[in-house]
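J.: Okay, handing you the structure first.
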Amino acid sequence: MSGFFGLFNYDKPGPGIPDDLPPKPKYQVFFEVLFRKFWKLCWLNILYTLVSLPILILLFLVLTNYIYPYLHNVLSNSNVKDIKTTETILLYSINLLLLGSFMNFGIGPTTAGFTYIVRNFAREQHAWIASDFFDTLKKNLKESIIVFFIDMFVLFLFFVNIRFYTIMSQKYLMMFILKYVIIFLFIIYIMMHLFIYPMLITYNLKVRQIFKNAFICSILKLPHTIGILLIMVITILIPFVIFISTGFLLAVFLYFILWVSIVGLIQNFFTNYVFNIYLNPENLNNQENAQQD
């Protein structure tokens, strides 16, 4: 007789999980994964930041040269007393905000490695932080570099066109309309980026096919894509708002400690859902059959 009249028999199987339990809401699963993987997400965020330092420093220098003249003009025309100190703090904080945003929307091979980990966490699958990060980085090196250069070209083209049409719109109504057409197209491109890196590391597709499918997914799920994009933008802004309202400078460093991973988790919960509908319908059918059984 194992145990004491069977009372302390730990080999005896428990009742298990009932088969007829309704599926949990996605937001509940998201927070369960977030709390369960919290420290791993922090480690992933720090690793992603450290490995991405060369490109982040380059972007920082470019952004500083672009933002500084505009910020200086704004503060010079304001009632701010200590312009130099305010200018320095805002410049560095805005740069950190933008770099945190870049890290989520893509900065090449390191984003591929990062996306693989958060995608697996969103699927509730296991991933080794360091080894899987670098394996995915090397595996998708060529495609992710191409995507990064396309992004930089599109970004450059956007800013050049916006500056041109802003100046010309003061004289010509058509230029004013074209300016907002450019902004609309750029927003569509940003929405496509929700899908580009998750698709790149999940499917064996050419870059052209990745962009095409990302555009199709964005349009087919347009209201959802806009909603998730807004949630991501609001989440990205939280540390910056904390800094602006409280002056707590360390808040902006949340981007490089945790925040990028949280936003990436939101993104990949959504993209997994969309991929299961349009690219992996068998996964969705299996889930539905399991719920019916």
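The values are calculated or read from the model by the stated rules, or taken from the named source; none is laboratory data. Everything numeric in this text was worked out from a predicted model, so none of it was measured. Backbone-built Cβ (ideal geometry, glycine too); neighbour counts: all protein chains shown. When the accessible area is computed, the model is the full protein with side chains, heavy atoms only, and any ligands, DNA or RNA have been set aside. Shrake-Rupley method; radii C 1.70, N 1.55, O 1.52, S 1.80 Å.
J.: Any idea how many residues of segment 100-120 are touching a residue at least 60 places away in the same chain (Cβ under 8 Å) and either crowded, with 23+ Cβ neighbours inside 10 Å or touching a strand residue (DSSP E or B) at 6+ places or on another chain (Cβ under 9 Å) (or both)?
T.: 13
J.: Could you list all residues from segment 206-226 that are outside any helix (DSSP H, G or I) and open to solvent by less than 60 Å² (accessible area, probe 1.4 Å)?
T.: Correct list: Lys221 only.
J.: For Arg163, work out the one condition from (1) at pLDDT below 90; (2) open to solvent by less than 20 Å² (accessible area, probe 1.4 Å) it doesn't fulfil.
T.: The failed condition is (2).
J.: Further, regarding this structure: Might you check whether a residue that is hydrophobic (A, V, I, L, M, F, W, C), under 29 Å from Lys138 (Cβ atoms) and outside any helix (DSSP H, G or I) occurs anywhere in segment 187-204?
T.: Within segment 187-204, not a single residue is hydrophobic (A, V, I, L, M, F, W, C), under 29 Å from Lys138 (Cβ atoms) and outside any helix (DSSP H, G or I).
J.: Let me ask something additional. Among (1) surrounded by 16 or more Cβ atoms within 10 Å (Cβ to Cβ); (2) in a helix (DSSP H, G or I); (3) not acidic (Asp, Glu), where does Ala127 come up short?
T.: (2)
J.: I'd like the residue in segment 130-160 that is more than 24 Å from Leu185 (Cβ to Cβ) and of a type in the set (Asp, Glu) and, out of all such residues, is most open to solvent (accessible area, probe 1.4 Å).
T.: Here the answer is Asp135.
J.: Looking for whichever is closer than 23 Å to Ile117 by Cα and either touching a residue at least 24 places away in the same chain (Cβ under 8 Å) or among the aromatic types (Phe, Trp, Tyr) (or both) here; the options are Phe240, Phe275, Phe248. Which one fits?
T.: Of the residues listed, the single one that is closer than 23 Å to Ile117 by Cα and either touching a residue at least 24 places away in the same chain (Cβ under 8 Å) or among the aromatic types (Phe, Trp, Tyr) (or both) is Phe275.
J.: Could you please find all residues in segment 118-139 being in contact with a Ser or Thr (Cβ under 9 Å, 6 or more places away or on another chain) and closer than 14 Å to Leu200 by Cβ?
T.: Selection gives Val118, Arg119, Thr136, Leu137.
J.: Do we have Leu229 as in contact (Cβ under 8 Å) with a residue 12 or more places away in the chain, under 14 Å from the mean Cα position of the chain (by Cα), closer than 17 Å to Phe158 by Cβ and open to solvent by less than 40 Å² (accessible area, probe 1.4 Å) here?
T.: Taking the combined requirement at face value, the residue satisfies it.
J.: Can you spot a residue in segment 38-56 that is open to solvent by 40 Å² or more (accessible area, probe 1.4 Å), modelled with pLDDT of 75 or more and assigned to a loop (DSSP other than H, G, I, E, B)? Steps first, please.
T.: First, the residues of segment 38-56 that are open to solvent by 40 Å² or more (accessible area, probe 1.4 Å): 38-40, 43, 46, 50-51, 53-54.
From the residues that got through so far, the ones that are modelled with pLDDT of 75 or more too are 38-40, 43, 46, 50-51, 53-54.
After this cut, where a residue has to be assigned to a loop (DSSP other than H, G, I, E, B) as well, the list is none.
Looking for residues that are open to solvent by 40 Å² or more (accessible area, probe 1.4 Å), modelled with pLDDT of 75 or more and assigned to a loop (DSSP other than H, G, I, E, B), one finds none in segment 38-56, hence no.
J.: Here's a follow-up. Please verify whether Tyr203 is surrounded by 14 or more Cβ atoms within 10 Å (Cβ to Cβ) and at pLDDT below 95, treating the condition exactly as stated. Can you show your working first?
T.: Numbers: surrounded by 14 or more Cβ atoms within 10 Å (Cβ to Cβ): no; at pLDDT below 95: yes.
So Tyr203 does not fit the description; no.
J.: Let me ask something additional. Quick check: anything in segment 173-189 open to solvent by less than 80 Å² (accessible area, probe 1.4 Å), under 19 Å from the mean Cα position of the chain (by Cα) and over 19 Å from Leu155 (Cβ atoms)?
T.: Looking through segment 173-189, none of the residues is open to solvent by less than 80 Å² (accessible area, probe 1.4 Å), under 19 Å from the mean Cα position of the chain (by Cα) and over 19 Å from Leu155 (Cβ atoms).
J.: Can you give me the number of residues within segment 240-282 that are at pLDDT below 90, open to solvent by 60 Å² or more (accessible area, probe 1.4 Å) and in a helix (DSSP H, G or I)?
T.: The number of residues fulfilling the criteria is 10.
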